[in-house]
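The values are calculated or read from the model by the stated rules, or taken from the named source; none is laboratory data. Quick caveat: nothing in here was measured; it's all calculated off a predicted structure. With ideal geometry, Cβ positions are generated from the backbone for all residues, glycine too; neighbour counts draw on all protein chains shown.
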Amino acid sequence: MSRPPVRIAQVAPLYESVPPFAYGATERVVSYLTEELVRQGHDVTLFATADSTTRARLVPICERGLWRDTAVWDTLTHHVRQLARVADLAHEFDVVHFHGDPLHFPLARSLPCKSLTTLHGQLLPMDHGPLFREFGSAPLVSISDDQRKPVPSANWQATIHHGLPPDEFQFQPLPGDYLLFLGRLMPGKRPDLAVEIAKRAGLPLKMAGKVHPGEREYFAQQIEPLLERSRDFTDYLGEVGGTLRKELIANARALLFPVEWAEPFGMVMIEAMACGTPVIAFGSGAVPEVLEHGVSGFIVDDVQEAVKAVAQIGRIDRAQCRRAFEARFTAARMADDYLRVYQRLVAGSRTAVPASDSDANAQVCG
């Protein structure tokens with residue numbers, strides 16, 4: 001039996017367009033979710049930048065992604081204007097789904113419709129704990145069970161893993177002969193360890209990623225000198241997007257993901273899986289929820305184990321890696337999971353879905 005259409009507002013951060021050109025995992029997820037909801041026949045409105053591309057109704061807030069507009073200094077002012085537009089139109093929706101910073105929590109209390117918040121970043125008990133106690137009725141979705149751990153008592157409605165369209169990335173059965181590091185160049189993601197792993201494994205490394213303003217000093221002092229010393233086997237490409245980004249992922253022998261922070265999800269891991277590219281990752285944060293050891297890659301504890309995993313990467317069946325993606329991480333599955341939460345909120349139910357272990361969560365969210 002088909003479900004009746006839901007009137008949904010998606011409120012995206014304004015730092016990048018939806019979808020983003022290159023870096024911007026949150027905006028990319030908002031795009032996949034929005035387009036899938038439209039495809040399924042729902043009435044969707046997207047509050048985002050004017051240069052966003054969508055089949056939904058677009059309510060433009062600013063001309064372009066704020067991080068790409070050299071005339072913008074105070075990004076907060078634009079997000080406040082966005083919330084005002086949401087409030088003006090809220091009577092048109094059944095649910096307003098927020099994806100940005102929690103500036104909207106006071107506003108959401110007075111909206112004439114239901115609201116939902118997906119938190120895309122790392123949560124901190126000393127910061128988010130008091131916030132979630134103050135706004136204890138605000139319905140929340142986590143993007144991994146691990147993300148909930150610092151504030152387990154919040155009003156969690158579900159854990160919903162990210163997903164992407166099956167045709168967004170093409171399966172590549174015959175990879176190239178390089179390793180890949182792709183992502184934000186920040187200390188917790190340890191791009192320096194990716195260089196060390198590639199060097200010890202004897203394979204060239206392609207590195208691409210965005211350097212945020214607050215991390216430019218780290219990049220200049222720690223990463224640039226390392227790249228200079230490693231020019232014989234490391235190719236730094238800067239921030240990449242579009243076809244080049246997809247080809248880099250698809251043609252890599254393996255994606256290196258040596259994170260040493262509580263990674264809330266790790267979008268690039270499922271992008272690699274969609275190409276059949278296995279992932280070699282440290283087991284921090286949500287990594288054990290996303291990767292299946294020996295199926296979609298290897299979960300390792302340190303550089304030495306990562307080097308051994310590179311030598312064994314041929315044991316991973318790339319077709320099976322792709323099938324693991326199709327079984328768990330499609331945009332359709334993600335949209336269905338969110339629709340269940342939307343409909344439960346609209347119906348007035350406050351029953352939340354508890355956090356679960358990795359195997360059970362694959363069933364709940366699959």
Is at least one residue of segment 224-240 touching a helix residue (DSSP H, G or I) at 6+ places or on another chain (Cβ under 8 Å), modelled with pLDDT under 95 and under 26 Å from Val18 (Cβ atoms)? yes
I need the full set of residues from segment 101-143 which are in contact with a strand residue (DSSP E or B) (Cβ under 6 Å, 6 or more places away or on another chain) and assigned to a helix (DSSP H, G or I), in order please. His104, Ala108
Residues satisfying the stated conditions in segment 35-71, i.e. surrounded by 17 or more Cβ atoms within 10 Å (Cβ to Cβ) and aliphatic (A, V, I, L, M): Leu37, Val38, Val44, Leu46, Ala48, Ala56, Leu58, Val59, Ile61, Leu66
Given (1) assigned to a helix (DSSP H, G or I); (2) in contact with a strand residue (DSSP E or B) (Cβ under 9 Å, 6 or more places away or on another chain); (3) surrounded by 16 or more Cβ atoms within 10 Å (Cβ to Cβ), His97 misses just (1)
Quick check on my filter: what residues within segment 329-361 are at pLDDT below 95 and either buried (at least 20 other Cβ atoms within 10 Å of the Cβ) or not in a helix (DSSP H, G or I) (or both)? Gly348, Ser349, Arg350, Thr351, Ala352, Val353, Pro354, Ala355, Ser356, Asp357, Asn361
Across segment 305-328, which residue is farthest from Asp177 (Cα to Cα) among those that are in a helix (DSSP H, G or I) and of a type in the set (Val, Ile, Thr)? Val307
Determine whether segment 213-227 contains at least one residue that is touching a strand residue (DSSP E or B) at 6+ places or on another chain (Cβ under 7 Å), free of Cβ contacts under 8 Å to residues at least 40 places away in the same chain, part of a loop (DSSP other than H, G, I, E, B) and not charged (D, E, K, R). no
Scanning segment 273-294 for residues that are without any contact (Cβ under 8 Å) to a residue 60 or more places away in the chain and assigned to a helix (DSSP H, G or I), which turns out farthest from the chain's Cα centre (by Cα)? Met273
Determine if segment 65-80 includes at least one residue that is touching a strand residue (DSSP E or B) at 6+ places or on another chain (Cβ under 8 Å) and without any contact (Cβ under 8 Å) to a residue 40 or more places away in the chain. no
I'd like to know if segment 76-87 contains one or more residues that are under 23 Å from the mean Cα position of the chain (by Cα) and closer than 30 Å to Phe169 by Cα. no
State yes or no: is Leu255 under 21 Å from Glu196 (Cβ atoms), aliphatic (A, V, I, L, M) and either surrounded by fewer than 21 Cβ atoms within 10 Å (Cβ to Cβ) or not assigned by TED's automatic domain parsing to the domain that holds Asp192 (or both)? no
Which residues, counting only those in segment 295-328, are of a type in the set (D, E, K, R) and either in contact (Cβ under 8 Å) with a residue 40 or more places away in the chain or not assigned by TED's automatic domain parsing to the domain that holds Leu244 (or both)? Arg318, Arg322, Glu326, Arg328
